[in-house]
Amino acid sequence: MQISVSIPNGFVDVSNGRFTGKTDLGDGYTRWDWFVHYPINNYDVSLNIGNYQHFSDRLGHLSMDFYALPEDLDKAKRQFTQAKGMLQAYQHYFGEYPFKKDGYKLIEVPYSGMEHQSAVTYGNHFANGYLERDWTGVGISPRFDFIIIHESGHEWFGNSITAADSSDMWIHEGWTTYLESLYVEYMYGHDDAVKYLNGYKSKVKNEEHIIAPRGVNREPPQDQYFKGALFINTLRSIVNDDRRWWKLLHDFYQHFKYQNIMTEDVVEYFNRQTGMNLTPIFDQYLRHTAIPTLELKFDDSKGTVSYRWKVDEPAFQMPVRVGKKDNWQIVDATTDWQTMPTSLKKDEFEVATDLYFVNVTKE
Ligand SMILES: [Zn+2]
């Protein structure tokens, strides 16, 4: 895409892609020309016109350009330093920033922010959290700027990998919300990432299923963000091997980058790479409203516990960690009752609900 914007002399236009030059039109206007080297979604195209001040940095061969209004320049110079750690984190998990020829840009705007491709816009008050709030309410989000971390994550999921129909936009929002937790894990470790993700549970509604009707320009409900991210974290626990999980994430992104895909492509890829049949699990989380409930029945006289999943998908089968924290036992629960011995009483018997987004009932 070529973007040409004619604006009154003295202002600056920051658009997507690489700045190629400006021309004084002789009538009080100047034309600013930008060139985008990659396919771009229409909604990602952005004209940002203002009295911008510019500063820049580099990460290896990647150019980083920042634009702020004069009165906010000092604040921007402090806050925008977070962009480098963000890029390092996401490059660590998924590979190179997708729009290197266009560079990475962060531009001050009067709204909270948006993932415009290679020209992420920013209006988060130059403060950590989201609009100065602790976004997940568990003390982790005040450590970083939500808009820099979230909107830039869309460069990988949303802008590079794009849903072919808005019905499947969890591919943008569920994944990018999960990327926030990867940023937390990269910076602060796994425990904080799990804590951060579980803070999202309070935002999940389970009223409408995540995948919206196809072909009618409908977007999914808000659950695509938080339930989507908690579901992806559940997949990690199902894979149950972090080395495989990191490779799977990396290869998944690399396989589909610069493409428009649907949920079926994601499921097919995960099934093929893991050798598991994850389709009923994807379907339960994305195509039904309820999350799985693990039903537990204790028989103290026999010293046993019976377990099964209560779900909508008949073929649903999902391993889950149960028993005692630090000594979890994995049971491959299905929708049929199975029984195993346990020395634990009903009140002592735990389920790793911070690693799997599930409900538990005990009787
Ligand atoms: Zn988003």
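Any residue at all in region 284-297 that is of a type in the set (D, E, K, R) and under 20 Å from Thr361 (Cβ atoms)?
Quick first cut of region 284-297, residues of a type in the set (D, E, K, R) only: 287, 295, 297.
Subsequent filtering for residues that are under 20 Å from Thr361 (Cβ atoms) retains 295, 297.
Yes, there is a match, as at least one residue in region 284-297 is of a type in the set (D, E, K, R) and under 20 Å from Thr361 (Cβ atoms).
Any residue at all in region 160-179 that's on the phi > 0 side of the Ramachandran plot and either within 16 Å of the ligand (Cβ to nearest atom) or in contact with a His (Cβ under 7 Å, 6 or more places away or on another chain) (or both)?
For region 160-179, residues on the phi > 0 side of the Ramachandran plot and either within 16 Å of the ligand (Cβ to nearest atom) or in contact with a His (Cβ under 7 Å, 6 or more places away or on another chain) (or both): absent.
Kindly provide the set of residues from region 116-144 that are among the hydroxyl-bearing types (Ser, Thr, Tyr), in a loop (DSSP other than H, G, I, E, B) and farther than 19 Å from Gly50 by Cα, ordered by number.
Scanning region 116-144 gives a single hit, Thr136.
Quick check on this structure: which one of Ile40, Ile49 is under 18 Å from Pro8 (Cα atoms) and at pLDDT 95 or above?
Ile49
Hey, can you tell me all the residues within region 25-71 that are among the charged types (D, E, K, R) and in contact (Cβ under 8 Å) with a residue 60 or more places away in the chain? Working first, answer last.
From region 25-71, those among the charged types (D, E, K, R) are 27, 31, 33, 44, 57-58, 65, 71; that's our starting set.
Of everything in region 25-71, just one residue is among the charged types (D, E, K, R) and in contact (Cβ under 8 Å) with a residue 60 or more places away in the chain, namely Asp44.
How do the pairs read when you match residues in region 170-182 that are under 18 Å from Ile261 (Cβ atoms) with residues anywhere that are more than 11 Å from the ligand (Cβ to nearest atom) and outside any helix (DSSP H, G or I), using Cβ under 6 Å and keeping only pairs 6 or more apart or on different chains?
Trp170/Ile210; Trp170/Pro220; Ile171/Ala163
Is it fair to say Pro110 is assigned to a helix (DSSP H, G or I), modelled with pLDDT of 95 or more, surrounded by fewer than 21 Cβ atoms within 10 Å (Cβ to Cβ) and away from the ligand (no atom under 11 Å from the Cβ)?
For Pro110, the condition - assigned to a helix (DSSP H, G or I), modelled with pLDDT of 95 or more, surrounded by fewer than 21 Cβ atoms within 10 Å (Cβ to Cβ) and away from the ligand (no atom under 11 Å from the Cβ) - is not met.
So in region 135-157, with the set limited to residues that are of a type in the set (S, T, N, Q) and surrounded by 24 or more Cβ atoms within 10 Å (Cβ to Cβ), which one is nearest to the ligand (Cβ to nearest atom)? Give the steps one after another, and end with the answer.
Of all residues in region 135-157, those of a type in the set (S, T, N, Q) come to 136, 141, 152.
Imposing the further condition that a residue be surrounded by 24 or more Cβ atoms within 10 Å (Cβ to Cβ) reduces the set to 136, 152.
Values: Thr136: 15, Ser152: 10 Å.
Going through the qualifying residues, I end up with Ser152.
Does Tyr285 meet the test of being among the hydroxyl-bearing types (Ser, Thr, Tyr), assigned to a loop (DSSP other than H, G, I, E, B) and within 22 Å of the chain's Cα centre (by Cα)?
no
The values are calculated or read from the model by the stated rules, or taken from the named source; none is laboratory data. No experiment lies behind these values; they were computed from the predicted model shown. Please note: Cβ atoms are built from the backbone with ideal geometry, for glycine as well, and neighbour counts cover all protein chains shown.
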